[in-house]
Amino acid sequence: MTDLAFDAIKPATGSNRTLWPTSLRFGLPNQKLLPWLLPITILTLWQLASSVGALPASILPSPTSVFFAAQRLILSGELQGHIATSFSRAATGLLIGGSIAFTLGLSNGLSRLSERLLDTTLQMIRNIPNLALIPLVILWFGIDETSKLFLVSLGVFFPIYINTFHGIRTVDSQLVEMARSYGFHGFQLFLRVIFPGALPSILVGLRYALGIMWLTLIVAESIAAQSGLGYMAMSAREFMQTDVVVLAILIYALLGKAADSTVRAIERWSLSWHPAYRKGGLQ
Amino acid sequence: MNALPQVSAADIKGAAISIRHVGRSFASKTVLTDLKLEIEPGEFVAVVGQSGCGKSTLLRIIAGLDDAYTGKIVIESEGRDTASARIMYQEPRLLPWASVIDNVAMGLGPDITRQVALIRARKALDAVGLGDRGSEWPHVLSGGQKQRVALARALVSRPDVLVLDEPLGALDALTRIEMQQLLERVWLEEGFTALLVTHDVVEALTLADRVVLIEQGEIALDFKVPFPRPRKRSSVPFVTLEERLLAALLHTNHQPVDYVI
Ligand SMILES: Nc1ncnc2c1ncn2[C@@H]1O[C@H](COP(=O)(O)OP(=O)(O)OP(=O)(O)O)[C@@H](O)[C@H]1O
Ligand SMILES: [Mg+2]
């Protein structure tokens, strides 16, 4: 029995050791660069394909021409302007939608009455794809700021609402009972037990929300805007500036990654108690 | 381990618990019927009984976590208007997001300044032998250490009554014995009234002044444990009593055993 168990375990741990970490353990810098290995390889191949003419510029411009497009737009100040506009729309939408969602998530999570009153309605609204509302939103708000803020707020609302609600509902009831028995009630109970218990789930919601935030904003800007990254890409398409279109796409990718990294940093900082989020823990 | 201090009657500050005709039903199921029990200040009472007989239910009522019962419970501490009862569970129930010392400080409730709370929590941690682990997260501790933290949290407010619901049930045999010794020591030092639910007959007889058996919602058996402390688990009278208690629990007829030494 015991022998069998040992035999089953040994080879697995053995191969784990030799396969992965040895190459990584040679130095920390290696490990830091590793995630970038694939993007850099793709970029190199892409440049090669463009240089030898296998990839026509009308389909996909070479990385260098994208780089020169970026340089041109930065020097004229256009790129910064578009990024700043998009960024502030995203942030404002996230703030508005996120705080309403958080409040409703708290309220419905903490109060059965509130849940019975609101949850069904919210679940019905959730089933409408928010981008399907674009025609209606343009009719209501035209193509000014409000339409974009509305769509982004609506987009970030549900991931944050659902995960806040779920997080609060799944807080360990044994801990709540324990805290109550020590005299914690109301806000104190919320602050010490319920909120920290719900936080991992809330942050998962925030991460989803950030993804949807960019998606919604870019689509909204492509259809109904006169500034912003989505608008930049769309107007470049009209002038066949493929380099600018590709540049815009790359910037989305970078902004998305930046948003994700931000939430990961918040997680690492605020969930440092959580075995799964500790430095060097699971990633 | 420290030497056990001598306790005089004057030191005892635990509360007397008077359980008068207490009943409790869930839906159509009656768990406790007309239960009567008088516990003296500072007494250590072990509660045994088959699984599902209502031991936890009784403890939760005494600890004030359940007020849907009939009858009356009076907890009186001499020289004090209000007696405080604390409960310790089978699980440590530590907040994973609070450091060990903050977990202990929770036992003092929300209305105390952090500075004072930390000083008292540190003392309580010292008393359970974990004074140097205060700044760590609970998840790095072993099961027995977590239970010690839970004990420190229960005791930091110096309660008059401590009710323990199988607090050592999940620990391995060795850690269990260590914890029993710790529990006995703090009980002797602090003088609170202790009510311990346990499935372990030996544990009941090692720690308690008195053992009560709950059956069909009532006290079916109530006797004093006459041995001096610290108790020797292998002495003949101890083992004899252990067999008799086990027989009462399992409803087997007790056969006197002949011991040859
Ligand atoms: N909240 C509840 N709702 C319904 N029934 C309950 C509830 N709590 C306890 N009971 C029932 O009351 C009975 C006694 O439960 P209790 O937990 O007090 O038993 P116990 O003696 O502590 O058992 P164990 O030794 O297994 O812990 C059980 O039959 C249980 O199903
Ligand atoms: Mg129980």
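The values are calculated or read from the model by the stated rules, or taken from the named source; none is laboratory data. These figures come from a predicted structure and were not determined experimentally. Positions of Cβ are backbone-derived with ideal geometry, glycine not excepted, and every protein chain shown enters the neighbour counts. Calculation scope for accessible area: heavy atoms of the full protein, side chains included, ligands and nucleic acids excluded. Shrake-Rupley method; radii C 1.70, N 1.55, O 1.52, S 1.80 Å.
At a glance:
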{"quantity": "Meets criteria (within 14 Å of chain A (Cβ to nearest Cβ) and within 16 Å of ligand 1 (Cβ to nearest atom)) for residue B:201", "calculated": "no"}
{"quantity": "Selection count, segment B:33-52, where residues are touching a His at 6+ places or on another chain (Cβ under 8 Å) and open to solvent by less than 10 Å² (accessible area, probe 1.4 Å)", "calculated": "2"}
{"quantity": "Residue match in segment A:53-63 (condition: surrounded by fewer than 14 Cβ atoms within 10 Å (Cβ to Cβ) and of a type outside the set (Gly, Ala, Ser))", "calculated": "yes"}
{"quantity": "Yes/no for residue B:101 being within 14 Å of chain A (Cβ to nearest Cβ) and touching a residue at least 40 places away in the same chain (Cβ under 8 Å)", "calculated": "no"}
{"quantity": "Residue in segment B:107-114 that is open to solvent by less than 10 Å² (accessible area, probe 1.4 Å), in contact with a helix residue (DSSP H, G or I) (Cβ under 6 Å, 6 or more places away or on another chain), within 14 Å of chain A (Cβ to nearest Cβ) and part of a helix (DSSP H, G or I) present", "calculated": "no"}
{"quantity": "Matching entry among B:229, B:233, B:210 (being within 28 Å of residue B:158 (Cα to Cα), modelled with pLDDT under 90 and out of contact with any Cys (no Cβ under 8 Å at 6 or more places or on another chain))", "calculated": "B:229"}
{"quantity": "Test set (1) away from every other protein chain (no Cβ under 14 Å); (2) in a loop (DSSP other than H, G, I, E, B); (3) over 27 Å from residue A:231 (Cα atoms) - residue A:123 fails condition number", "calculated": "(2)"}
{"quantity": "Selection within segment B:189-204 - open to solvent by 30 Å² or more (accessible area, probe 1.4 Å) and more than 16 Å from ligand 2 (Cβ to nearest atom)", "calculated": "B:189, B:190, B:202"}
{"quantity": "Leading residue by the ranking (farthest from the other protein chains (Cβ to nearest Cβ)) among those in segment B:74-88 that are surrounded by 14 or more Cβ atoms within 10 Å (Cβ to Cβ) and at pLDDT below 90", "calculated": "B:76"}
{"quantity": "Verdict on residue B:131 being more than 16 Å from ligand 2 (Cβ to nearest atom) and touching a His at 6+ places or on another chain (Cβ under 6 Å)", "calculated": "no"}
{"quantity": "Filtered residues of segment B:205-218 (kept if closer than 30 Å to residue B:70 by Cβ and either out of contact with any Leu (no Cβ under 6 Å at 6 or more places or on another chain) or open to solvent by 60 Å² or more (accessible area, probe 1.4 Å) (or both))", "calculated": "B:208, B:209, B:210, B:211, B:212, B:214, B:215, B:216, B:218"}
{"quantity": "Lone qualifier among A:245, A:193 - being of a type outside the set (Phe, Trp, Tyr), in a helix (DSSP H, G or I), at pLDDT 90 or above and farther than 30 Å from residue A:168 by Cβ", "calculated": "A:245"}
{"quantity": "Checking residue B:93 against (1) more than 10 Å from chain A (Cβ to nearest Cβ); (2) basic (Lys, Arg); (3) in contact (Cβ under 8 Å) with a residue 12 or more places away in the chain; (4) under 25 Å from residue A:198 (Cβ atoms), the condition it does not meet", "calculated": "(1)"}
{"quantity": "Qualifying residue in segment B:200-212 (condition: among the basic types (Lys, Arg), touching a strand residue (DSSP E or B) at 6+ places or on another chain (Cβ under 9 Å) and in contact (Cβ under 8 Å) with a residue 40 or more places away in the chain)", "calculated": "yes"}
{"quantity": "Those residues of segment B:53-73 which are assigned to a loop (DSSP other than H, G, I, E, B), within 14 Å of another protein chain (Cβ to nearest Cβ) and open to solvent by less than 70 Å² (accessible area, probe 1.4 Å), in sequence order", "calculated": "B:63, B:64, B:65, B:66"}
{"quantity": "Residues being among the hydroxyl-bearing types (Ser, Thr, Tyr) and either within 14 Å of another protein chain (Cβ to nearest Cβ) or touching a residue at least 40 places away in the same chain (Cβ under 8 Å) (or both) - total across segment B:149-183", "calculated": "1"}
{"quantity": "Test: residue A:253 is loosely packed, with under 15 Cβ neighbours inside 10 Å, away from chain B (no Cβ under 14 Å), assigned to a helix (DSSP H, G or I) and hydrophobic (A, V, I, L, M, F, W, C)", "calculated": "yes"}
{"quantity": "Failed item, numbered, when residue B:141 is tested on (1) surrounded by fewer than 20 Cβ atoms within 10 Å (Cβ to Cβ); (2) within 10 Å of another protein chain (Cβ to nearest Cβ)", "calculated": "(2)"}
{"quantity": "Which numbered condition residue B:50 fails, given (1) assigned to a strand (DSSP E or B); (2) within 16 Å of ligand 2 (Cβ to nearest atom); (3) farther than 25 Å from residue A:178 by Cβ", "calculated": "(1)"}
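Matching residues to (1) more than 21 Å from residue A:201 (Cβ to Cβ); (2) at pLDDT 90 or above; (3) of a type in the set (Val, Ile, Thr):
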position	(1), (2), (3)
A:110	no, yes, no
A:121	yes, no, yes
A:132	yes, no, no
A:138	yes, no, yes
A:145	yes, no, no
A:150	yes, yes, no
